[in-house]
Amino acid sequence: MATAVTMKESKKVAKRTDQYAVYERIVGGLERRPAYLLLFGIAALFVIEGLATSVAGVVKDSLPMGLLGLASFVIALGAVIIVVYRVEPSRERLQVKVGEVAVAVQPVSAPPVPTPQTYQDSERGFRFDLPSQAGWSKPALVPITEHLARVLLLPKEINLEQFGQKLQETLRLHPLGDMISQSKVLALWHGDEIRIETTPTTTVPGLEKFVNDAAELAKKQGEEFDSAQVRKAIISQKYPQAFGLQNVFAVTIFQKRLAANPILEPTLPNLFAITQQYAGGPIEKLAANDTSILTGRRMQLIDVLVNGEKREITVYGLSHLTENADFFFEVGINYCPQGKQSPDLWTEMQRMIGSFRVMV
């Protein structure tokens, strides 16, 4: 059974993970380039031989032998470093900051090196580190319709097949609609679900200024303007009347072959542009390269009912969009500090999203 870990233990795990990441990048690079593996082996033998010769020179008090061994050792060591440098993929890291927390991911492909603490999907080609704290659900792969039904607090008796058909019809003319409507979600949930209900006065930061400015403009033009109705209409377009919030780590899997003959080319930037239409809260930070797009966001809702009590709530979210030859992956975490959980949970969730790797 999983148990909670201390902050000190979390740091030790993170350090071991970084060391393991360096090892796996080198091993993966050597496996992809067998010729370099041969060179690496030969260079390593010369390193050992050079060191042995140098030691023998010191023991026998032979300066020429010692210098020869030392030179051989330095040259061979240089060869090993060059081989490692050539085979190891880029160490470039993407980093975003959400509030006061900076989170980084290493967007590189990695060989399949599973451990007991690793979840690996060999069929789709990805893996990530499993959580160590108590309170997490087991990983469950479900259709996007089932995942949405849970998030939107739809009635348990709802016909998921009909819901899926309605979703497909809605997205039929949407760019990449088939690929999105038939995607699957692998999710791990933590803690209890928080029920959120919007009210007539529900708002978000920035909305009140917009409403007040619009009301002032309408007044100058002699037009009627109902601030409450405008606020309610804007909130209802963005948020359902009731929905659930729960700490979650989720991998949304999009199959590229379902984007055949699309209106829009199925690329990471285009998929990102489409999925952001449904994301909650403004983007605070974005980082990207050719293989990944990493975003951080913070959603604040004011005057909502939280389990029946009127209050303000904040949700922190991170999203890592990446791909392999056959699939797009959107790896995301949502964290709600108002829930009842260990203060180390946010640290663990950051570690999980940072451990995600596309396998080669």
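The values are calculated or read from the model by the stated rules, or taken from the named source; none is laboratory data. Note that the structure is a prediction, hence the values are computed from the model and not measured. No Cβ is skipped: glycine too gets one built from the backbone with ideal geometry, and neighbour counts run over all protein chains shown.
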Those residues of the stretch 181-205 which are without any contact (Cβ under 8 Å) to a residue 40 or more places away in the chain and either surrounded by fewer than 17 Cβ atoms within 10 Å (Cβ to Cβ) or aromatic (Phe, Trp, Tyr) (or both) amount to Pro200
From the list Ala228, Ala214, pick out the single residue that is exposed (fewer than 12 other Cβ atoms within 10 Å of the Cβ) and of a type in the set (Gly, Ala, Ser).
-> Ala228
Selection from the stretch 202-216 of residues under 20 Å from Arg297 (Cβ atoms) and either within 29 Å of the chain's Cα centre (by Cα) or small (Gly, Ala, Ser) (or both) yields Thr203, Val204, Pro205, Gly206, Leu207
In contact with a strand residue (DSSP E or B) (Cβ under 7 Å, 6 or more places away or on another chain), farther than 20 Å from Ser183 by Cα and in a helix (DSSP H, G or I) - does that describe any residue in the stretch 217-230?
-> yes
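Any idea which residue in the stretch 160-194 is farthest from Pro337 (Cα to Cα), counting only those that are among the basic types (Lys, Arg) and modelled with pLDDT under 85? Give the steps one after another, and end with the answer.
So the first thing to find is which residues in the stretch 160-194 are among the basic types (Lys, Arg), and the list is 166, 172, 184.
Within this subset, residues satisfying the condition of being modelled with pLDDT under 85 are 166, 172.
On the way: Lys166: 34, Arg172: 37 Å.
By that ranking, first place goes to Arg172.
Restricting the stretch 131-145 to residues that are buried (at least 19 other Cβ atoms within 10 Å of the Cβ) and of a type outside the set (Phe, Trp, Tyr), which is modelled with the highest pLDDT?
Within the stretch 131-145, the first condition is being buried (at least 19 other Cβ atoms within 10 Å of the Cβ), and the residues that meet it are 131, 136, 145.
With of a type outside the set (Phe, Trp, Tyr) added as a condition, the list becomes 131, 145.
Values: Pro131: 93, Thr145: 83.
Filtering first and then ranking leaves Pro131.
Every residue, every condition in (1) farther than 18 Å from Gln300 by Cβ; (2) modelled with pLDDT under 90, yes or no:
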| position | (1), (2) |
| --- | --- |
| Leu318 | no, yes |
| Phe328 | yes, no |
| Val331 | yes, no |
| Ser342 | yes, yes |
| Met349 | yes, no |
| Gly354 | yes, yes |
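Yes/no matrix, rows are residues, columns are (1) surrounded by fewer than 22 Cβ atoms within 10 Å (Cβ to Cβ); (2) assigned to a strand (DSSP E or B); (3) within 19 Å of the chain's Cα centre (by Cα); (4) not acidic (Asp, Glu):
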| residue | (1), (2), (3), (4) |
| --- | --- |
| Leu271 | no, no, yes, yes |
| Lys310 | yes, yes, no, yes |
| Leu318 | no, yes, yes, yes |
| Ala325 | yes, no, yes, yes |
| Val331 | no, yes, yes, yes |
| Gln338 | yes, no, no, yes |
| Ser342 | yes, no, no, yes |
| Trp346 | yes, no, yes, yes |
Cβ-Cβ under 6 Å pairs, at least 6 apart or on other chains, the stretch 111-124 side at pLDDT 90 or above, far side exposed (fewer than 14 other Cβ atoms within 10 Å of the Cβ) | Gln120/Pro114
For Thr275, which of the numbered conditions (1) in contact with a strand residue (DSSP E or B) (Cβ under 9 Å, 6 or more places away or on another chain); (2) closer than 24 Å to Arg127 by Cα; (3) modelled with pLDDT of 85 or more; (4) of a type outside the set (A, V, I, L, M) fails to hold?
-> (3)
Which condition does Ala214 not pass, out of (1) under 24 Å from Glu146 (Cβ atoms); (2) in contact with a Phe, Trp or Tyr (Cβ under 7 Å, 6 or more places away or on another chain), if it passes all the others?
-> (1)
Restricting attention to the stretch 277-295, does a residue exist that is surrounded by fewer than 16 Cβ atoms within 10 Å (Cβ to Cβ), outside any loop (DSSP other than H, G, I, E, B) and either free of Cβ contacts under 8 Å to residues at least 12 places away in the same chain or over 16 Å from the mean Cα position of the chain (by Cα) (or both)?
-> yes
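Taking Arg357 as the residue in question, decide whether it is charged (D, E, K, R) and either farther than 20 Å from Ser122 by Cβ or touching a helix residue (DSSP H, G or I) at 6+ places or on another chain (Cβ under 6 Å) (or both).
Values: charged (D, E, K, R): yes; either farther than 20 Å from Ser122 by Cβ or touching a helix residue (DSSP H, G or I) at 6+ places or on another chain (Cβ under 6 Å) (or both): no.
Answer is no for this residue.
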